Amino acid sequence: MPQARSFLNLSIVDHPGLIDLHIDPEGNVASAPLAGAIPTDCRGAYVSAGWADLHVHVWHGGTDISVRPEAAGMACGVTAMADAGSAGEASFHGLREYVIERRPETIKAFINIGSIGLVACNRIPELLDHRFIDVDRTLAAIESNRDLICGVKVRASGVIVGSWGVEPLKIGRYVADVANLPLMVHIGEAPPTLEDVFALLRPGDVVTHCFNGKASGSVIATPRLFEMATELAKRGVLMDVGHGAASYDFGVAERAIAGGLRPFSISTDVHLHSVDGPVFDLATTASKLMVAGLSFSETIAAITTGPRGFLGLPQLDLKPDARADFTIFSIDETDLEVRDSAGNARILKRMIQPQWSLVGPHCLKTPLSRQRTWTH
């Protein structure tokens, strides 16, 4: 049976003063310390709603790039995440049974419009031609997993779709509309062009890899493209970072943020080729966005308020009897050199560092962060 815990002297993000947070053995907020509670002095730390990562790959064993979910979850301060298209209709049942249902974190998923998903990611692209999409089976998988599927994922870049261009995205648009779900679209190398992609997006859809540095897939490639991206964001299309091994560029992020295009969500796109650098974890990724120009408050909102709202999860709730779903973290001074997906370096002066993750009765002290150094 879990033991009651008391976390003392915490600050709430954007709220003055200190609070004490008491969690009973069932994982609910208590109004006062309970007998035998384990006390933890968190002086200098903050508490937020549990961090949410809107783009991970955790179908370990079902794809050749996915990490185990524990490499992206509570040990990294993350209490909720969305697998971004690792599974298509052919294997979604396995992602559900062997990953989602076995973890304390909240895990939802975007279903890949390609039936095979990312089983052999990029070695066997999931969108080579019409044979790789089965609309009826995809819709059936969505209906069978309505509680978990949060959208339809389409990787709309040239290395995936080849000469098929924008057609897979059009099919994804149709499936998402029939299922009444948003699209998450991966942008990268053309074809299709960003103009073709942007023309198919609607409020509530997600553009992931929004700050990639690819010449034919960057939102700052031309003034017209940046204007289009900014207008889409104003209309409610959600810009998601999706750092990954190849999709975050400091220069693009700095120029876009300075120009007024801010991300709705900061996500990692963590997988086997990014977890040991350049991504590492959500805390490192979020810290990179602060050095690129986001304020502390904007950064925390982009790993809590934005993605939690998208996933239908409650925001910070400290009222008695509320279910625990919190991340306790500090902001540490540092001179750490970090790199983007192209190897460009910046020096962090402030690092976000998770200390505790709480989901219901599950409470985990986050281990010392993995070494955040990387040679491109």
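Side notes on the structure shown:
- Close pairs (6 angstrom Cβ cut-off, 6 or more residues apart or separate chains): within 13 Å of A87 (Cβ to Cβ) in the stretch 124-144, of a type in the set (A, V, I, L, M) anywhere: E126/I116; T138/V175; I142/I149; I142/A179
- Residues satisfying the stated conditions in the stretch 6-26, i.e. of a type outside the set (D, E, K, R), at positive phi and out of contact with any strand residue (DSSP E or B) (no Cβ under 6 Å at 6 or more places or on another chain): G17
- Selection within the stretch 104-129: residues that are within 17 Å of the chain's Cα centre (by Cα) and among the charged types (D, E, K, R). The member of this set that is farthest from G77 (Cα to Cα) is K108.
- Given (1) in contact with a strand residue (DSSP E or B) (Cβ under 6 Å, 6 or more places away or on another chain); (2) assigned by TED's automatic domain parsing to the domain that holds Y248; (3) of a type in the set (F, W, Y), index of the condition F296 fails: (1)
- Residue check for L200: farther than 18 Å from A302 by Cα, at pLDDT 95 or above and out of contact with any Ser or Thr (no Cβ under 7 Å at 6 or more places or on another chain): yes
- Entirely in the stretch 281-358, the helices (runs of 4 or more DSSP H) that have 2 or more residues that are over 14 Å from Y248 (Cβ atoms): 296-301, 305-310
- The listed residues are A179, A229, A156, and the only one of them that is out of contact with any Lys or Arg (no Cβ under 7 Å at 6 or more places or on another chain) and farther than 23 Å from T268 by Cβ turns out to be A179.
- Figure legend. Inter-residue proximity from the stretch 267-284: first residues farther than 14 Å from S86 by Cβ, second residues modelled with pLDDT under 95 and among the β-branched types (V, I, T), beta-carbon distance below 9 Å, spacing 6+ or different chains. Indicated pairs: G277/T373; G277/T375; A283/T366.
- Looking across the stretch 70-99, the residues that are buried (at least 24 other Cβ atoms within 10 Å of the Cβ) and over 13 Å from the mean Cα position of the chain (by Cα) come down to M74, S86, A87, G88, E89, F92, L95.
- Close pairs from the stretch 150-178: first assigned by TED's automatic domain parsing to the domain that holds L238 and aromatic (F, W, Y), partner surrounded by fewer than 20 Cβ atoms within 10 Å (Cβ to Cβ) and not in a helix (DSSP H, G or I), Cβ under 8 Å, at least 6 apart: W164/L128; W164/D129
- Hits in the stretch 199-209 - residues which are touching a helix residue (DSSP H, G or I) at 6+ places or on another chain (Cβ under 9 Å) and surrounded by 20 or more Cβ atoms within 10 Å (Cβ to Cβ): L201, D205, V206, V207
- Residue within the stretch 162-171 that is closer than 24 Å to A342 by Cβ and not in a helix (DSSP H, G or I) present: no
- Residue that is nearest to A72 (Cα to Cα) [pool: residues in the stretch 262-274 that are out of contact with any Asp or Glu (no Cβ under 7 Å at 6 or more places or on another chain) and surrounded by 21 or more Cβ atoms within 10 Å (Cβ to Cβ)]: V270
The values are calculated or read from the model by the stated rules, or taken from the named source; none is laboratory data. It should be emphasised that the depicted structure is a prediction, and the values quoted were computed from it without experimental measurement. Here Cβ is always computed from backbone atoms with ideal geometry, including for glycine, and neighbour counts include all displayed protein chains.
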